[in-house]
Amino acid sequence: MSHQMFRVVLAALAAGVVLGHGPALAADAAKGKAAFMKYGCWQCHGIEGQGSAITSAGKVLAPDPMPLETFVAFVRSTDRAMPPYSEKVLPNEDLADMHAYLSAIPKPKDYKSIPLLRQ
Ligand code: HEC
C-alpha cells in the first residue's frame, strides 16, 4: 500500500469513528452533516462547527454544542449577525440531525495548545 493510499484509508477510518460515535446517533449525525452543508451553516461556522479563526463570521459550535433546545431556539430567533431560519425553510428534524452531527465531533487533544484557535 502506498503512503498516499494509507493516509486515505486512515482518514476514512477516522471519519467512521466520528460518525459511529454514540448510541443510535450514527445515521442522524451523517444526515446532520449533509444538512449542515446543504443549509450553508458551514460557510460561517466551518465544516466541523469549529468557527472561523480568521474572521468573527461564525461562532464555534462544536465540540460540545449547546443543548438541543437552546440550539433550535437560537437558530429560529436570532436576528443579529446570523440570519434566522424558520421551520418552513429548515425542519426541526434537520436541526436535530445537525445537533447530533455537532455532538459527535470529538474534542481534539491538542486544541487548546494552538493559540490561533483560542481567539
Ligand atoms: C451568514 C453567516 C452564518 C450562517 C450562514 C449561519 N450562522 Fe450561525 N452564527 C453566525 C454568527 C455571526 C453567530 C453569532 C451571532 C450572535 O451572537 O448573535 C452565529 C451563532 C450561531 C449559534 C449560537 C452559538 C453560540 O454559542 O451562541 C448557533 C447555534 C448557530 N449559529 C447555528 C447555525 C446553524 C445551525 C446554521 C445553519 C442552519 C447557521 N448557524 C448558519 C453566522 C452564521
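The values are calculated or read from the model by the stated rules, or taken from the named source; none is laboratory data. Small disclaimer: the values here were computed from a predicted structure and weren't measured. All Cβ positions, even for glycine, are placed from backbone atoms using ideal geometry, and neighbour counts span all protein chains on display. Heavy atoms of the whole protein, side chains included, go into the accessibility calculation; ligands, DNA and RNA do not. Shrake-Rupley method; radii C 1.70, N 1.55, O 1.52, S 1.80 Å.
Values computed for the structure shown
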| read-out | value |
| --- | --- |
| Residue within region 62-84 that is modelled with pLDDT under 95, aliphatic (A, V, I, L, M), within 9 Å of the chain's Cα centre (by Cα) and under 20 Å from ASP28 (Cα atoms) present | yes |
| Leading residue by the ranking (most open to solvent (accessible area, probe 1.4 Å)) among those in region 60-72 that are more than 9 Å from the ligand (Cβ to nearest atom) and among the aliphatic types (A, V, I, L, M) | LEU68 |
| Some residue of region 102-114 being modelled with pLDDT of 95 or more and either open to solvent by less than 40 Å² (accessible area, probe 1.4 Å) or among the hydrophobic types (A, V, I, L, M, F, W, C) (or both) | yes |
| Pairs, first in a loop (DSSP other than H, G, I, E, B) in region 66-84, second near the ligand (Cβ under 6 Å from one of its atoms), C-beta under 6 Å, six or more apart | PRO84/THR78 |
| Any hit, region 91-100, residues being open to solvent by 80 Å² or more (accessible area, probe 1.4 Å) and either under 15 Å from LEU117 (Cα atoms) or touching a residue at least 24 places away in the same chain (Cβ under 8 Å) (or both) | no |
| Residue within region 37-51 that is touching a residue at least 24 places away in the same chain (Cβ under 8 Å), within 8 Å of the ligand (Cβ to nearest atom), farther than 26 Å from LEU116 by Cβ and under 14 Å from the mean Cα position of the chain (by Cα) present | yes |
